[in-house]
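Undergrad: Supplied in structure tokens, the structure appears directly below.
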Amino acid sequence: MAEVNLIGFMCNWCSYAGADLAGVSRFHYPPNIKIIRVMCSGRVDPELILDTFLYGADGVFIGGCHLGDCHYLEGNYYAEKKIEMAKRLLEAAGVDTERLRLEWISASEGERFAAIITEFTEEIKALGPVKSEREELESACMAAADYRLRILATKERELLEGGNKYGEVFTMHEMAKLLDDMVQEVYESKRILLKLKKPMSVKELASAMTLKPNEVFRRILDLKRHELIEIHEIRDNTPTYLVRALNEGGLTE
Amino acid sequence: MKIGVYICHCGTNIAATVDVEAVAKFAETLPDVAVSRAYVYMCSDPGQELIKADILDAKLDRVVVASCSPRMHEITFRSACEEAGLNAYCLEMANIREQCSWVHSDREKGTEKAKELVASAVAKAALLESLEPMRVGVTPSALIIGGGIAGIQCALDIADAGFQVYLVEKEPSVGGHMAQLDKTFPTLDCSACVLTPKMVDVARHDKIELITYATVDSVEGYVGSFKVKVKKTPRYVDEDKCTGCGECAIVCPVKEVVPNEFDLGLSKRGAVYIPFPQAIPMVYTIDKMGGIPPCRLGCPANVNVQGYVALIAQGRYREAIDLIREVNPLPAICGYVCPHPCENECNRVEIDDPIAIGALKRFAADNIDYEDETDAETEEEDNETEDATDVERAEKIAIIGSGPAGLTAAFYLAKCGYHVRILEKLPVPGGMLAVGIPEYRLPKDILKKEVEYIKREGGRIEIDTGVEIDKDGFERLKIDYKAIFVSIGADKSRAFGIEGEGLKGVVHGVEFLRELNLGNTVVPGKKVAVVGGGDVAIDAARCALRLGSDVTLVYRRSREEMPARDEEIADAEAEGVKITFLTNPSRFIGDGFVQGMECVKMELGEQDGSGRRRPVPVAGSEYIQDVDTVILAVGQQSALEFLEGSGIELEGNRIKADGDGRTNIECVFAAGDAVTGPATVVDAIAGGRRAAEAIDRYLRGEPLPELEREEKKRIVLEDIKARLPELEKDERREVAKIPAERRRDSFEVVELGFIEADAIEEAKRCMTCGICADCRLCETACEADAISQDMEEEFVQLEVGAIIAATGYDSFDPSLEPNYGYEYDEVITSMEFERLCNASGPTNGHIEINGETPKEVVFISCVGSREKYKGQTGTGEMAGNAYCSRVCCMYIAKQAHLVREHISDANATVFYTDVRAFGKGFEEFYWRVKEEGVNYIRRELTDDLKVDKDGDGQLRVKTVSGGRQVEKEADLVVLATGIVPKEDVRETARKLKITQSGDKFFLEAHPKLRPVDTLTNGIFIAGCCQSPKDIPDTVAQASATASRACSILSKEYVEVEPITAEVDETLCCGCGICESVCPYGAIEVIETEEGRRARVTGVKCHGCGTCGSSCIKKAVKMHQFTDEQLIAQERAALATEKVVS
Ligand code: FES
């Protein structure tokens, strides 16, 4: 089985302490995982997760306190939604969502910690290294930084419980639909942006991304309207486009 | 940028699995690393010196220590940095012990992982920033939750150190479990004797505020400055006024009903109580179920049924009657004739039968002397109604009709000071009570004494009989009187409207009864037919029967629809009244005198407006019945002719009045049957009393309070079961009746009423649904004026610098493990044994079970403890805990000793597995007990044990010892139950935001080095809420906890980690999403010159970072965990080449 790289983000109060307890009690688990401490699982940003995959992780593990036990009251509820968003983006990028796992592990669950990490490591080993293209992950990462998805990831709880500012409460189903559409739109746009580092026509884009030309065209129009791309030249009556400017590091809009 | 990296061997803890030197070498290759060293113990002084020297010599900007968990030594290394002049927050740690060397065994891979962790830490370190800790002022006071010995000790220590202490205890008294113990091991000193002085000290200490019967509702804030909301359960007694004299408990009729929590249910207490004689504060508590008993809700007049039944149970009949009279001045009459709707509601119905409330009321009324009323009552009433009775009011009120509504209104109006004149058209007062109800149901002298009472006690009542009011008379009344109350009842028969109704011998039921009751000669014929199915029909039939007639009752529907009470119908039939159902007369036949009645058979058709099925005649079913008298009882109406032209609004044949008796004319009120149509006596009483109140308010010009519309909470059986678990079937005592034969020619009262013994037993069947009966006798009895029945839940806000949880433990519940036979009376828990031994316990210190002194006492150790290692068969999952109770070995020794001390000829046997006599004097005590002759029998934990009774009823303990089956007969088995976390431990943990360990007790910050701290700064733990322990250990720990708390309280301010969020206002768009996710209100969007911007209030921020991961512009910087730092950390951890095996 292939050796895999795992990163864990653990909240200081429960899961990180649980990991420490596993250590103190000498409950062994495979060494693939490297744990990074955060104060609360709510701190974990979808962009951070996607970046971790982009930089070579084969699996990412998020550990928080049990629901209701978060040291900061509600952080883990937000974490849940953010991880959900990250999973949608992973899916868009063709990464198996099993590679991202969220678990609630308390400070006293050392043995359980070791057991879960062992299980997770085995699972990822079975999946092997991530096979997606770098560009796909990069697009997902950029999408995670997009304000629209950030708003949705944070506000999902509120929209489900209290409704939007017009008082419309979303059903789970409506919410899922909204998220799916939004994630797809943003993800595709980011991918086009990345592809347009060199000039391409709608047709070329469509075949490179295995999308329908009219779908690509819709995104192109959108990107143009936001002045993110421009027409590079018109070849045989077909325009090709080029990205205007990718922000520093090429990651964020 | 110069980074120093220090790799710790931690002896061999790390070095055994990680090639420390290799890691140090590797670190040298990382960007910005100027120094990289490995050392055997980084946390040791020389280790720290190493870092300090490098900071100074090599001018390090950042330090990375790869060693144990930062949760262990971050503080140590931060101080080291600081001492060398480097900002404490320029330190980063790589956890290569707990999260690497201790959890992996492959040295090569461990080394690789350590390298990655170090690389990761170095990457983060390069991005760390200097931060300044925030200072928070300290409120020099502490909150202690739990008033057991741990809480008491903490409170005294902290208060003695000069700080204010708030001690919050859930129960009415402090003392906790220690107060329940009899003696303590190994010294055998009396638990209460050592504890009570401390309890008194707590109460007296001027720095301690005791808040008992209260719980912590919520906790906000942080070390140095917590804001705590405490919820005080109403005890209905003002703690400041109560002197503990106990007068309330003496007058309280609810006695020995509630299982006494303090005696673990082995004794019972009343509704007002102190938990135990030495309780602190020495203040009574009233126990209320919350809600209204259903009987009271079922009574139209809202009579406090539970209250008077409880008083009857105590043999206090006069007080019972007085209580009734607060809302109903006719208790005796109601005792005889009320159809007691209360009984239908009684919660006991669900167990066996309702309490015989009606019969009890009659019994009480029959058993007091009505003549002797005045003195008895003065005492009671004096305080309360002083102003009411003694104030004479000038207004005069006229009442038309002296039935129950009129008498009731007159009574309460007179009590308010009004002069009342009742005008009655009949020659006797009482209305239907006098002329409607036959003597065999309500004897005349009962009515008489009750009318007399009303006149005498009301004082200002005049009853003019034989006065008929006509139209003019009514108008005159309006002039002469300030208010008129119309309670004329419904005494006019409705006409039947068929042929022959005018024949002689066809009479109306109400008239027939009236003549009879007035003593006029009434001679019905030989063959009497009564038509109708209501009370009047039954009464008329039974009277006619008694006058010697042969009586047939004809009713047009079936028995189910009959409006008369089932009991009455049955009695009538028993006496010989024949009933023909589904039959209606169609005409009366005769020549001057009635001779026959043509009847037609009916069948039930569609439902009509009343929800009953409408009877329809069956064509061709006519037949003729031979009769010489017909009594028609098919409904009554009111004689309202005198109101014609008065302008009073009518509704059909009734006066239109609201629930308070107000008619459309201001000064005219009405209630009773004239408003409701024919109804019960108690309905009329209820109407009369409400009208009296309305009249009083009207005359005083006060508005009437809105009718109470909000549904009152009804107490249901479930509520009671939760409080009084031992509800058993107990059959209802029925009253005797005179034999049916004797009733045929006599107007003697049919029901004989209770004899005293039965009455008291019957009254004791009452489950006291409300616990407190709300009779308010305690209010009168309390000289200190401390009772406050309307007390409500109260919240107290506290500000404290530190919090100590000393919430204690629960005993393991052995009923969870059936093999211990806890369902037998002779099997008890060790705590119950303590109470049995105790002089102030339920048996006054005699060890006895069901009155018998046991001779063979068997103790079983480790019940509910060490269970992971037991192999009980047949019980499935063990309900108990893995850990050792830490106390049962020694308390068994103590209790075995006490058995021998209390019962000199008793044998004590102990089934044990190990004896852990580790404390001071413990081993010596154990041997002393053994030498006293206590028989210790060893068994393996894995051996089955069963306590049960065989066919012969003998209790036996069966187990294995030394590989052989043993059986031990026992008279008493004491289960040495273990210590389990308090039921609400999780809730408390959540409120305080502290953590629990796997066994559910509160988790200490470090098992060795910070045993009384929690992971939450400023919150500490003491006593058994942390783990099982005995009294000496608890007290020692409590003192330790107190001193830890003082270390905060003694400071002017504490430093709080600057791990907070900060908003980069040049990036912020003011969307406010961060504000919406912050649980502490630490971020606010404010208007700045640049527009709307979010801003963080540092001290409010707890540092979770949720705002950071939510910000759409990534404008939030979460110090010490910034986006850049986390990304660098993650990328670096992934950057190193993998060794593929
Ligand atoms: S602190 Fe653990 S999830 Fe929030």
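Undergrad: Once you have the alpha carbon radius of gyration of chain A, what is it after dividing by 2.2 N^0.38 Å, with N set to its residue count?
TA: Working: Rg = 20.4 Å, N = 253, 2.2 N^0.38 = 18.0 Å.
That works out to 1.13 for chain A.
Undergrad: How do B:406-414, A:175-183 rank on mean C-beta neighbours within 10 Å, highest first? Provide the component values of the computation, followed by the final result.
TA: Values: B:406-414: 28.7, A:175-183: 15.3.
So the peptides B:406-414, A:175-183, ranked by packing, come out B:406-414, A:175-183.
Undergrad: Helix B:404-415: angle to the longest alpha-carbon principal axis of chain B, degrees 0 to 90, nearest 10?
TA: 60 degrees
Undergrad: I'd like the orientation of helix B:471-480 relative to chain B: the angle between its Cα long axis and the longest Cα principal axis, in ° from 0 to 90, rounded to 10.
TA: Its long axis makes an angle of about 50 degrees.
Undergrad: Take every DSSP beta bridge whose two residues both sit in chain B, then give the antiparallel share in percent to the nearest 5.
TA: Numbers: 77 of 160 bridges.
Counting only bridges with both partners in chain B, antiparallel ones make up about 50 percent.
Undergrad: With each pseudo-label sitting 7 Å past Cα toward Cβ, what's the A:GLU123-B:ASP948 distance in nm, one decimal?
TA: Each label point lies 7 Å from its Cα, and together they span 4.5 nm.
Undergrad: What are the residues whose amide H is under 5 Å from the amide H of B:VAL1056, where those residues sit 5 or more places off or on another chain and H is modelled from the backbone?
TA: Distant-sequence amide H within range of B:VAL1056: B:MET134, B:ARG135, B:VAL136.
Undergrad: What's the average, rounded to a whole number, of partner chain beta-carbon atoms within 10 Å of each residue's beta-carbon in A:145-152?
TA: Details: counts 4, 1, 7, 1, 1, 8, 4, 0.
Taking the mean over all residues of the peptide, I get 3.
Undergrad: Can you tell me which of B:989-1001, B:909-921 comes out highest on packing, and rank the rest after it, using the mean Cβ neighbours within 10 Å?
TA: Details: B:989-1001: 19.2, B:909-921: 16.9.
In decreasing order of mean packing, B:989-1001, B:909-921 become B:989-1001, B:909-921.
Undergrad: Run the reach check for B:LYS504 against lysines, Cα to Cα strictly under 18 Å, same-chain hits fewer than 8 apart removed. What comes back?
TA: Those lysines meeting the cut-off are B:LYS526, B:LYS527.
Undergrad: To the nearest 10 degrees, how steep is helix B:681-700 against the longest Cα principal axis of chain B, on a 0 to 90 scale?
TA: Between the helix axis and the principal axis of chain B, the angle is about 80 degrees.
Undergrad: Taking amide H atoms as placed 1.01 Å from N in the peptide plane, list the residues 5 or more away in sequence, or in a different chain, whose amide H sits under 5 Å from that of B:VAL33.
TA: B:ILE3
Undergrad: 222 nm [θ] for chain B, helices only, -39500 (n - 2.57) per DSSP H run of 4+, per residue, to 500? Let's see the in-between values first.
TA: Working: 35 runs with 355 residues, N = 1141.
The helix-only estimate for chain B comes to -9000 deg cm²/dmol at 222 nm.
Undergrad: Using a 10 Å cut-off on Cβ to Cβ distances, tally the other chain neighbours for every residue of B:1120-1126 and report the average as a whole number.
TA: Working: counts 3, 7, 0, 6, 0, 1, 10.
Mean partner-chain Cβ count within 10 Å for B:1120-1126: 4.
Undergrad: Can you list the HN-Hα couplings for segment B:962-967, worked out from phi with the Karplus curve (6.51, -1.76, 1.60; θ = phi - 60°), rounded to whole Hz and with x for Gly and Pro?
TA: Couplings: x, x, 10, 5, 10, 9 Hz.
Undergrad: Return the lysines within reach of B:LYS855: Cα separation strictly under 29 angstrom, same-chain partners fewer than 8 residues apart disregarded; answer none if there are no such residues.
TA: Within the straight-line cut-off, B:LYS855 pairs with B:LYS183, B:LYS268, B:LYS894, B:LYS930, B:LYS946, B:LYS949, B:LYS958, B:LYS968.
Undergrad: Rounded if a/c is under 1.5, else prolate if a/b is larger than b/c, else oblate: which is segment A:6-127, with a ≥ b ≥ c the root eigenvalues of its Cα gyration tensor?
TA: Numbers: a/c = 2.04, a/b = 1.17, b/c = 1.74.
Judged from the Cα gyration tensor, segment A:6-127 comes out oblate (a/c at least 1.5, b/c at or above a/b).
Undergrad: Over segment A:13-88, what is the mean sequence separation of C-alpha contacts under 8 Å (at least six apart), divided by residue count, expressed as relative contact order in percent? Please report the intermediate quantities before stating the final value.
TA: On the way: 59 pairs, mean separation 29.1, N = 76.
38 percent.
Undergrad: On to the next question. Have a look at A:ALA19, A:ALA140, A:ALA86 and tell me which one the Gaussian network model of chain A (Cα, springs below 10 Å) gives the largest fluctuation.
TA: Of A:ALA19, A:ALA140, A:ALA86, the Gaussian network model singles out A:ALA19 as fluctuating most.
Undergrad: Can you give the net charge of the other residues whose Cβ lies under 10 Å from the Cβ of B:LYS268, counting K and R as +1 and D and E as -1?
TA: Values: positive: B:LYS255, B:ARG269; negative: B:GLU256, B:ASP263, B:GLU726.
Around B:LYS268, the charge tally is -1.
Undergrad: A further question on this structure: Give me the distance between the Cα centres of segment B:4-73 and segment B:263-284, rounded to whole Å.
TA: Segment B:4-73 and segment B:263-284 have Cα centres separated by 63 Å.
Undergrad: Roughly how crowded by other chains is peptide A:25-34, in terms of the mean Cβ count from those chains within 10 Å of each of its Cβ atoms? Kindly include the intermediate steps, with their values, before the conclusion.
TA: Numbers: counts 3, 4, 2, 5, 3, 5, 15, 4, 4, 15.
Across A:25-34, the average partner-chain Cβ count within 10 Å equals 6.
Undergrad: Moving on to the next point. Distance in nm between label sites at A:GLU230 and B:LEU727, each 7 Å beyond Cα in the beta-carbon direction?
TA: Each label point lies 7 Å from its Cα, and together they span 8.4 nm.
Undergrad: With both partners inside chain A, how many of the DSSP beta bridges are antiparallel, as a percent to the nearest 5?
TA: Working: 8 of 24 bridges.
That works out to approximately 35 percent antiparallel.
Undergrad: Taking the Cβ of each residue in B:ARG37, A:ARG134 as the centre, tally the other Cβ atoms inside 10 Å and list the residues starting with the fewest.
TA: Going from least to most buried by this count: A:ARG134, B:ARG37.
Undergrad: Each residue of segment B:141-156 in order: what ³J(HN,Hα) in whole Hz does its phi give by Karplus 6.51 cos²θ - 1.76 cosθ + 1.60, θ = phi - 60°, with x for Gly and Pro?
TA: Values, residue by residue: 8, 10, 9, 10, 9, x, x, x, 4, 5, x, 5, 4, 4, 4, 5 Hz.
Undergrad: Here's a follow-up. Per residue of segment B:297-304, what does 6.51 cos²θ - 1.76 cosθ + 1.60 with θ = phi - 60° give for ³J(HN,Hα)? Whole Hz please, x for Gly and Pro, Karplus curve as stated.
TA: Going residue by residue, I get 5, x, 7, x, 8, 6, 6, 6 Hz, with x marking Gly and Pro.
Undergrad: Which links in B:LYS232/B:LYS1029; B:LYS737/B:LYS764; B:LYS170/B:LYS993; A:LYS212/B:LYS1114 stretch past 31 Å when you go from one Cα to the other? Write out the running numbers ahead of the final one.
TA: Numbers: B:LYS232/B:LYS1029 29 Å; B:LYS737/B:LYS764 22 Å; B:LYS170/B:LYS993 19 Å; A:LYS212/B:LYS1114 34 Å.
Too far apart for the 31 Å limit: A:LYS212/B:LYS1114.
Undergrad: To continue, here is another question. With the radius of gyration and the Kirkwood radius both derived from the Cα set of segment B:888-1023, what is their ratio Rg to Rh? Display every interim value, and only then the final one.
TA: Values: Rg = 20.1 Å, Rh = 18.2 Å.
Reported Rg/Rh, Kirkwood definition of Rh: 1.10.
Undergrad: Sticking with this structure for a sec: Assign one of three labels to segment B:765-888, namely rounded, prolate or oblate, based on the Cα gyration tensor with a ≥ b ≥ c the square roots of its eigenvalues; rounded applies when a/c is under 1.5, prolate when it is not and a/b is larger than b/c, and oblate otherwise. Please report the intermediate quantities before stating the final value.
TA: Details: a/c = 2.34, a/b = 1.48, b/c = 1.58.
Because a/c hits 1.5 or more and a/b fails to exceed b/c, segment B:765-888 counts as oblate.
Undergrad: What does the helix-only formula give at 222 nm for chain A: each DSSP H stretch with n ≥ 4 adding -39500 (n - 2.57), the total divided by the residues, and the result rounded to the nearest 500 deg cm²/dmol? Walk me through the intermediate numbers first.
TA: Working: 9 runs with 127 residues, N = 253.
My calculation for chain A gives -16000 deg cm²/dmol from helical runs alone.
Undergrad: Ranked highest first by the average count of other Cβ atoms within 10 Å around their residues, in what order do B:493-505, B:110-122 fall?
TA: On the way: B:493-505: 15.3, B:110-122: 26.7.
Highest-to-lowest ranking by the protection proxy: B:110-122, B:493-505.
Undergrad: So if I take the centroid of the Cα atoms in segment B:910-962 and the same for segment A:74-103, what is the distance between those two points in Å?
TA: After rounding, the separation between the Cα centres reads 56 Å.
Undergrad: Could you tell me the extents of segment B:29-147's C-alpha atoms along the three principal axes, largest first, rounded to whole Å?
TA: That gives 54, 37, 27 Å along the principal axes, largest extent first.
Undergrad: May I ask you to give the average projected area over all directions of the convex hull of the Cα atoms of chain B, in nm² rounded to one decimal?
TA: Working: hull surface 259.6 nm².
About 64.9 nm², averaged over all directions.
Undergrad: Assign one of three labels to segment B:1037-1112, namely rounded, prolate or oblate, based on the Cα gyration tensor with a ≥ b ≥ c the square roots of its eigenvalues; rounded applies when a/c is under 1.5, prolate when it is not and a/b is larger than b/c, and oblate otherwise. Intermediate values should be presented prior to the final figure.
TA: On the way: a/c = 3.93, a/b = 2.75, b/c = 1.43.
Prolate, because a/c is 1.5 or more and a/b exceeds b/c.
Undergrad: Taking other Cβ within 10 Å of each residue's Cβ, how do B:TYR89, B:TYR481 sort, fewest first? Display every interim value, and only then the final one.
TA: Details: B:TYR89 21, B:TYR481 18.
Fewest to most other Cβ atoms nearby, the residues stand as B:TYR481, B:TYR89.
Undergrad: Here is a follow-up. Based only on other Cβ atoms within 10 Å, what is the fewest-to-most ordering of B:VAL237, A:VAL95? Please list the in-between numbers first.
TA: On the way: B:VAL237 25, A:VAL95 22.
Ranking B:VAL237, A:VAL95 by Cβ neighbours within 10 Å, fewest first, gives A:VAL95, B:VAL237.
Undergrad: Something else now. Given H placed on each backbone N at 1.01 Å, which residues far from A:LYS34 in sequence or on other chains put an amide H within less than 5 Å of it?
TA: Here A:LEU6, A:ILE7, A:GLY8 satisfy the definition.
Undergrad: So what's the net charge close to B:GLY175: Lys and Arg +1, Asp and Glu -1, counting the other residues with Cβ under 10 Å from its Cβ? Please report the intermediate quantities before stating the final value.
TA: Working: positive: B:LYS198; negative: B:GLU169, B:GLU171.
So the surrounding residues net to -1.
Undergrad: While we're on this one: What is the Cα centroid distance between segment B:1077-1093 and segment B:467-528, reported in whole angstrom?
TA: When both Cα centres are located, 82 Å separates them.
Here, each number is a calculation from the coordinates, and none is a lab measurement. None of these values were measured; they are calculated from a predicted model. We place every Cβ from the backbone using ideal geometry, glycine too, and count neighbours over all the protein chains shown.
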